[in-house]
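Comments concern the structure below.
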Amino acid sequence: MGRLDLERALDLLEEGDLPEALEHAERAYRRHPKDPEARFLYGHLRFVLEGSYEGLRLMELGAKALGMEACTHLWRVYGTDFPAHLLDLARFLKQKGLPLPGDTAWAEAVLEEQELPLELAREVERSLYQEDLVSLEGFYRKRLTPYLGYLLVRLYLVRGAFLEARRLAERLAGEWGGDWRVDLAVLLARFPQEGPALAEEARPLLARTPRDPHLAEGLALLALGVGEGRVALGLDRAFDPPLRARFPQLEAPLAAAERGEALLPLELFLPRGRADIPLPPFAWEAFQLWLPRLEVRDLSLWTRPFLRSGLLSPEDPRLKPEVRDAVRRLGALEEGRPPFVPLASLGELLGASPEEREAAMAALSLEELRHFRKEFPESLLLELYDLLHRPLPEWPERGVRRLLERDLPWGVREALRLRLELKRDPLAPLPAPEPPPGARWPEEFFYTWLLLVPPLEEVEGAFLYPLGGKGALLDWTMVFALRPLRLGVQKPWRQEPLPRGGGLQDWVRRVPLSVRTLWLADLEVEMGLELPDLLDPTALRDLIEELEPEARTLLARLAREERLPLSQVEEKVLGELERRFLAFAGAGEVGVPQDLRATLSRLL
C-alpha cells in the first residue's frame with residue numbers, strides 16, 4: 001500500500017497538485033519511514049510547502065541513500081541559503097567518489113568569513129533557519145566568536161529585544177573591539193535609540209562586501225538606515241538571487257532606493273506590535289515617509305505607538321482611503337472608545353521592567369519563554385506569559401487560583417477568572433466585566449473580553465484585524481475559534497425580526513461577521529460557491545441537490561409562502577439551511593429575501 005501511495009504522490013507532483021501529493025507521500029513515509037524514496041519525496045514536499053527544516057533533513061537522508069540524481073536535486077535546493085549544508089554534501093560526494101554538481105568556492109568563502117568549523121556552521125544554519133534563539137545562545141556560550149555574537153545580536157533585534165541586543169553588543173565590543181562584525185552588531189544595536197545620526201560611524205563599515213548573507217543583510221539595513229541606499233543596492237545585487245529575495249523586509253526600502261528615495265527600515269527602530277514603548281526622537285520623521293505605502297496589514301505591527309502618542313491621525317491625507325478606515329478602527333481599540341474597553345499591556349499594569357517586557361514579547365515558544373525566565377525568576381509578567389503560551393485546556397487550575405490570591409490589578413484578576421470559566425465550559429454564557437472608573441484591561445486578554453460582548457459590527461471586525469502584540473496574538477489564537485461557536489449556540493440573529501425588504505446581501509448582514517465568514521468559507525470549500533452564486537439558477541440547483549429532502553421541502557414551501565412560523569420548522573432542517581444561505585430565521589419566523597425567493601420559484 002505504501003508503494004501505491006508513493007507512486008500516486010509522484011503522479012500528483014507531476015500534475016502540480018502539491019498539497020494532495022504531500023498527503024500521499026506522508027502516508028508512504030509513515031508506512032515505510034526508512035525507505036529512501038519515501039523520505040526524499042516526503043521531505044521535499046514538506047520543505048517546499050511548509051518550509052519545514054525537518055523536510056530538508058529527510059531529503060538529505062533520502063538523497064544520500066538514493067545517489068547522484070537525488071543529491072544533485074538537493075544541491076540545488078541548498079542553493080545559496082545553506083552554504084555549510086552544501087559543503088557537507090560536497091564532502092559526502094567526494095567520499096563516495098562522485099562528481100560535484102557545482103562550484104563550492106563561494107560557500108568556502110562564506111565559512112572562511114564566519115570562522116566556524118563545518119559541523120558547527122551547519123548547526124548554526126539550522127538554528128538561524130528555524131529562528132531557534134535558545135540553540136543559538138547555546139552555541140555562542142560554548143564557542144565565543146564575533147560572528148556568533150553578531151548573529152545573536154541580530155536575532156534579538158529582529159525579536160524587538162533592543163535592550164538585550166545593546167547589552168550583548170557592548171559585551172562583544174569589550175571582548176573583540178575593532179572586529180568589523182562586532183562593530184556592525186554594535187551600530188545596529190545602537191540604532192533604535194540613535195538612528196541616522198550614526199552615519200559617520202557607519203561609513204568605514206559600508207565599504208565592505210560580505211560573502212555571508214546574514215552579515216550582508218545587517219550591513220544593508222544599516223546602509224538604508226543612514227541614508228546610503230546605493231551601498232544597500234550594491235549589497236543586494238552582489239547575491240544571486242538578490243539579497244531581498246531572502247530577506248523580504250529589505251524589499252520596500254531597496255525599491256525606494258532605486259527611485260532615489262530614502263526609506264528607513266521600520267524594524268531598525270520599532271519592535272513589532274508594541275504600543276508601550278518610548279519613541280526615539282527621529283521616529284516620527286522617519287515613519288512619515290512610510291504613510292503613503294502603508295497597507296491595512298501593516299497597521300497593527302508598526303503604527304500603535306504613533307496612535308497612542310497622537311502623532312498618527314486617520315485624517316492624514318497621505319494614507320490610502322482603506323488604510324484611513326483601518327486606522328480609525330485601530331484607534332478606537334487603542335483609546336478604548338465604546339463598545340471597547342480601555343487597554344494597557346500586562347507590563348504596564350504590573351509595573352514590569354522594560355527588560356521583562358522585552359523578554360515576554362521576544363519569546364516565540366514556551367521553551368524560549370522558560371529560557372528567559374531564568375534571568376527573571378520572580379517575574380509575574382513572565383509567569384502570566386507562560387500561561388498565555390499554553391492551550392486553554394492545559395491551564396493549571398491550582399496555579400491560576402494561586403495567582404488570584406495575589407494583589408492583582410482589576411483587569412488582570414478578571415481576565416484570569418474568565419479564562420478559568422472558559423476552560424471549564426468554553427460555551428458558557430458569561431457577561432463581559434465592566435471596568436471601574438480609571439481601570440484598564442490587559443491587551444494580552446483583549447480577545448477573551450471581546451468574546452463575551454454583543455456581536456456589533458465593529459466588535460466582529462476587531463476579531464478579523466488582531467492587535468499586533470505577541471500576547472494579544474496568543475490570546476487571539478486561543479479564543480478566535482470560540483467566537484463563531486459561541487455565537488452559533490446563542491444565535492443572536494434569531495432574536496431580531498426578519499427584514500421586510502432588501503435582498504440576500506441585506507439579510508445576510510444580520511448574521512455576525514465571524515459566523516458568516518466561517519459559513520461562507522465552508523460554502524466556498526464544500527461547493528465552490530460565493531454569496532452572489534446563491535442567486536444564480538445553475539449554482540443554486542447544484543446546491544439544492546446536496547440538501548436533505550426535508551430541507552428541499554422547506555425551501556419549496558418558502559418559495560410559495562415567503563414566511564412561516566418558526567414553530568413549524570425542525571431545528572435540524574433550519575440549521576442546515578441557515579449554514580447554506582445565512583438568511584432564514586428571525587424572531588418567531590422563517591423566511592427568504594425576495595431575490596432568493598424569485599430564483600427558488602423558477603427552480604422549485
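The values are calculated or read from the model by the stated rules, or taken from the named source; none is laboratory data. All figures in this text were calculated on a predicted structure; none of them were measured in a lab. Here the Cβ is made from the backbone with ideal geometry for all residues, glycine too, and neighbour counts use every protein chain on show. Side chains included, ligands, DNA and RNA excluded: accessible areas come from the protein's heavy atoms. Shrake-Rupley method; radii C 1.70, N 1.55, O 1.52, S 1.80 Å.
Summary of values
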{"read-out": "Under 13 Å, Cβ to Cβ, from residue 250 - net charge with Lys/Arg +1 and Asp/Glu -1", "value": "-2"}
{"read-out": "Helical contribution to [θ] at 222 nm, DSSP H n ≥ 4, -39,500 (n - 2.57), averaged over the chain, rounded to 500", "value": "-18000 deg cm²/dmol"}
{"read-out": "Probe 1.4 Å, all protein chains present, accessible-area order of 527, 59, largest first", "value": "527, 59"}
{"read-out": "Rounded to 10°, Cα long-axis angle of helix 321-335 versus longest principal axis of the chain", "value": "90"}
{"read-out": "With Cα atoms, 0 to 90° folded angle of helix 83-95 axis to the chain main axis", "value": "70"}
{"read-out": "Relative contact order for the range 32-147, counting Cα pairs under 8 Å that sit 6 or more residues apart, in percent", "value": "17"}
{"read-out": "Protection-proxy order for peptides 340-349, 38-47, 472-481, each taking the mean of Cβ atoms within 10 Å per residue, highest first", "value": "38-47, 340-349, 472-481"}
{"read-out": "Distance from the range 303-379 to the range 424-470 (C-alpha centre basis), Å", "value": "15"}
{"read-out": "Solvent-accessible area, 1.4 Å probe, carbon plus sulfur percent, for the range 21-149", "value": "50"}
{"read-out": "Alpha-carbon centroids, the range 103-140 and the range 281-301: separation in whole Å", "value": "34"}
{"read-out": "Rounded accessible area per residue of the range 472-520, 1.4 Å, Å²", "value": "45"}
{"read-out": "Protein-only accessible surface order, largest first, of 80, 553 at 1.4 Å", "value": "553, 80"}
{"read-out": "Accessible carbon and sulfur surface of the range 281-389 relative to its total accessible area, %, 1.4 Å", "value": "53"}
{"read-out": "Signed unit charges on C-beta, dipole axis of the chain, positive-most listed residue 162, 182, 252", "value": "162"}
{"read-out": "Loop-located GluC sites (Glu not before Pro) in the range 1-98 whose Cβ has at most 15 other Cβ within 10 Å (DSSP)", "value": "none"}
{"read-out": "On Cα atoms only, tilt of 549-561 relative to the major axis of the chain in degrees", "value": "60"}
{"read-out": "Whole-angstrom gap from the range 1-53 to the range 218-254, using each part's C-alpha centre", "value": "36"}
{"read-out": "9 Å beta-carbon shell around residue 386, net charge (K/R +1, D/E -1)", "value": "+2"}
{"read-out": "Lys, Arg +1 and Asp, Glu -1 on Cβ, resulting dipole of the chain about Cα centre, debye, nearest 20", "value": "860"}
{"read-out": "Largest to smallest principal axis extent of the C-alpha atoms in the chain, angstrom", "value": "84, 66, 55"}
{"read-out": "Cβ-Cβ FRET estimate between residue 289 and residue 131, R0 fixed at 22 Å, reported to 0.05", "value": "0.20"}
{"read-out": "Percent accessible area from carbon and sulfur atoms, the range 457-604, protein chains only, probe 1.4 Å", "value": "52"}
{"read-out": "Qualifying trypsin sites (Lys or Arg not before Pro) in the range 392-442, DSSP loop, other Cβ atoms within 10 Å at most 14", "value": "406"}
